[in-house]
1. Among the candidates 258, 278, 312, 254, which residue alone is surrounded by 13 or more Cβ atoms within 10 Å (Cβ to Cβ), free of Cβ contacts under 8 Å to residues at least 60 places away in the same chain and basic (Lys, Arg)?
2. Of the residues that sit in region 214-271 and are touching a Gly at 6+ places or on another chain (Cβ under 7 Å) and of a type outside the set (Ser, Thr, Tyr), which one is farthest from residue 202 (Cα to Cα)?
3. Can you tell me which residue is modelled with the highest pLDDT among those in region 363-382 that are surrounded by 15 or more Cβ atoms within 10 Å (Cβ to Cβ) and farther than 17 Å from residue 315 by Cβ?
4. Count, please, the residues in region 383-423 that happen to be in a loop (DSSP other than H, G, I, E, B) and either modelled with pLDDT under 90 or of a type in the set (Phe, Trp, Tyr) (or both).
5. Looking only at region 353-362, count every residue that is under 29 Å from the mean Cα position of the chain (by Cα) and either assigned to a loop (DSSP other than H, G, I, E, B) or surrounded by fewer than 13 Cβ atoms within 10 Å (Cβ to Cβ) (or both) and tell me the total.
6. Under the condition of being out of contact with any helix residue (DSSP H, G or I) (no Cβ under 9 Å at 6 or more places or on another chain) and modelled with pLDDT of 85 or more, which residue from region 21-34 is farthest from residue 240 (Cα to Cα)?
7. Kindly list the number of the only condition in (1) within 30 Å of residue 206 (Cα to Cα); (2) without any contact (Cβ under 8 Å) to a residue 12 or more places away in the chain; (3) touching a Leu at 6+ places or on another chain (Cβ under 8 Å) that fails for residue 116.
8. Taking residue 214, is it of a type outside the set (Ser, Thr, Tyr), assigned by TED's automatic domain parsing to the domain that holds residue 282 and in contact (Cβ under 8 Å) with a residue 24 or more places away in the chain?
Amino acid sequence: MLQDTTSVSPDPVESSQGWNTVTRPAFRFIFAYLIFYYWPGFIFDVLPFDTSRLTDWLQAPFLVLFPWVAIHVFHLSGPVTQFHETGAGDTTLGYIQVLCLSVIALVAAGIWTVCDRRREYRTLYGALRLYTRYVLALALLSYGFLKVFAGQMPEPTLSTLTETYGQSSPMHLLWTFIGASRPYEQFSGLAEVTAGALLLFRRTSTLGACAGCGVMLNVVLLNFCYDVPVKIYSTHLFLLSLFLACGDAVPIFRLFVRGEAATLHAWPMPVLDAPRFRGAASALKAALIALMLYTAAWVPYQMTQSMLAGTRRHPAIYGVWAVDVGGREDSPPTGGAPWNQLVVNHFTSVVTRTDQGDSGYFIAAIDEAKHHLKMTGRWSRDAGDFDFSQPDDAHLTLDGKMNGVKLLVKLHREKTTRFLLTSRGFHWINEDPFNR
């Protein structure tokens, strides 16, 4: 039985016995690495105005160091040696960043050990716990609320529903699997939100850290098993959860393994706990939590609503169109294999397909008043600019250029019936497994 889980011991025996020749150097390394990795700090992520210039200025030494190492140590060249917007975290420079910061932290820990061999860092450890709690809480709340609002994995689009499993990447399959069930996506998001909320308060931080370990371990496994390019970032969040949970490893072990009474540690914060600063500390904490909720909840809510408003509106040319003339042997529209199908998902998304099963993904701009369609390759340099007309609802004509080549493409609408993935729904009773 746990004796008063919210109580803390002012100077636990484990705390005084825990600092030894192994834990001291380990703490110094972890402290240095986390400070460098999350520099200049999560506070810049919650401020309600653009801090990118200040952040870049504070990170300037690292922004120079990492590309230099890529070029001069690993002899790399090209775009992989420069910071650029990719939407992925597992870039070449991302791994070089981890390596460089590990070396820097190791050197810093070595110098620190030489200069200060025997000191116990209970207060500094408490400060680091506070810092990592809020870093982890902000990440969990942000990703969690994005799932709660069904913004991270949206419902499958028409192009997704009409492609084969074999054409889907592992990451896209994962997005489809979760996005096809909004309740499951919201539940998984709620689990992240709960863990993040528990981390905001010292008395519930251990429970939040344990919940964070479970939640983030699942995320890490999904990222690794489905090749989602956020492996580095998610692994760090899992390790942060583990770091916080390990601070109370002894009472957790006593309670759940030995079945003994246990009391959680109190990690001292002399400045914040001092009576004369307690009121100011509480006010600062309330303001910080409010900023975090604004950044992690309100901003994703607005972004999701804007995104869903755009994807739920369908233009008149919405649907799956088969190419009759102009997209096959007569005049290839992309310079590669000619496409034989056009899928219009919504006002901002168009997908083309070829006889070989290859797909081209385009950001679209559809102006129904002017009957104009502009297509910009999402991951390619392909581009199209067409005027469109519809003699009737079943036929579509595109007249314009694709990659500078003049085209006149005639298409007819393919019949799309209800899709089993989105129409099957939930059933309490199943006399036989509906596994098709």
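The values are calculated or read from the model by the stated rules, or taken from the named source; none is laboratory data. These figures come from a predicted structure and were not determined experimentally. Don't worry about glycine lacking a Cβ; one is built from the backbone with ideal geometry, like all the others, and counts go over all protein chains shown.
1. Values: 258 fails: surrounded by 13 or more Cβ atoms within 10 Å (Cβ to Cβ); 278 fails: surrounded by 13 or more Cβ atoms within 10 Å (Cβ to Cβ); 312 fails: surrounded by 13 or more Cβ atoms within 10 Å (Cβ to Cβ).
One residue alone meets the criteria, 254.
2. Here is the first cut: in region 214-271, the residues touching a Gly at 6+ places or on another chain (Cβ under 7 Å) are 229-230, 232-233, 241, 265, 267-269.
Still in the running and of a type outside the set (Ser, Thr, Tyr): 229-230, 232, 265, 267-269.
Working: 229: 32, 230: 29, 232: 27, 265: 10, 267: 9, 268: 11, 269: 11 Å.
Within region 214-271, the match that is farthest from residue 202 (Cα to Cα) is 229.
3. Of region 363-382, the ones surrounded by 15 or more Cβ atoms within 10 Å (Cβ to Cβ) are 364, 366, 371, 373-377, 382.
After this cut, where a residue has to be farther than 17 Å from residue 315 by Cβ as well, the list is 377, 382.
Values: 377: 93, 382: 90.
If we take residues in region 363-382 being surrounded by 15 or more Cβ atoms within 10 Å (Cβ to Cβ) and farther than 17 Å from residue 315 by Cβ, then 377 is modelled with the highest pLDDT.
4. Within region 383-423, the subset in a loop (DSSP other than H, G, I, E, B) is 390-394, 403-404, 414-419.
Subset that is either modelled with pLDDT under 90 or of a type in the set (Phe, Trp, Tyr) (or both): 403-404, 415-419.
Residues in region 383-423 being in a loop (DSSP other than H, G, I, E, B) and either modelled with pLDDT under 90 or of a type in the set (Phe, Trp, Tyr) (or both): 7 in total.
5. Count: 1.
6. Going through region 21-34, the residues out of contact with any helix residue (DSSP H, G or I) (no Cβ under 9 Å at 6 or more places or on another chain) turn out to be 21-23.
Those still in the list that are modelled with pLDDT of 85 or more too: 22-23.
On the way: 22: 19, 23: 17 Å.
The qualifying residue farthest from residue 240 (Cα to Cα) is 22.
7. (3)
8. Working: of a type outside the set (Ser, Thr, Tyr): yes; assigned by TED's automatic domain parsing to the domain that holds residue 282: yes; in contact (Cβ under 8 Å) with a residue 24 or more places away in the chain: no.
So residue 214 fails the test.
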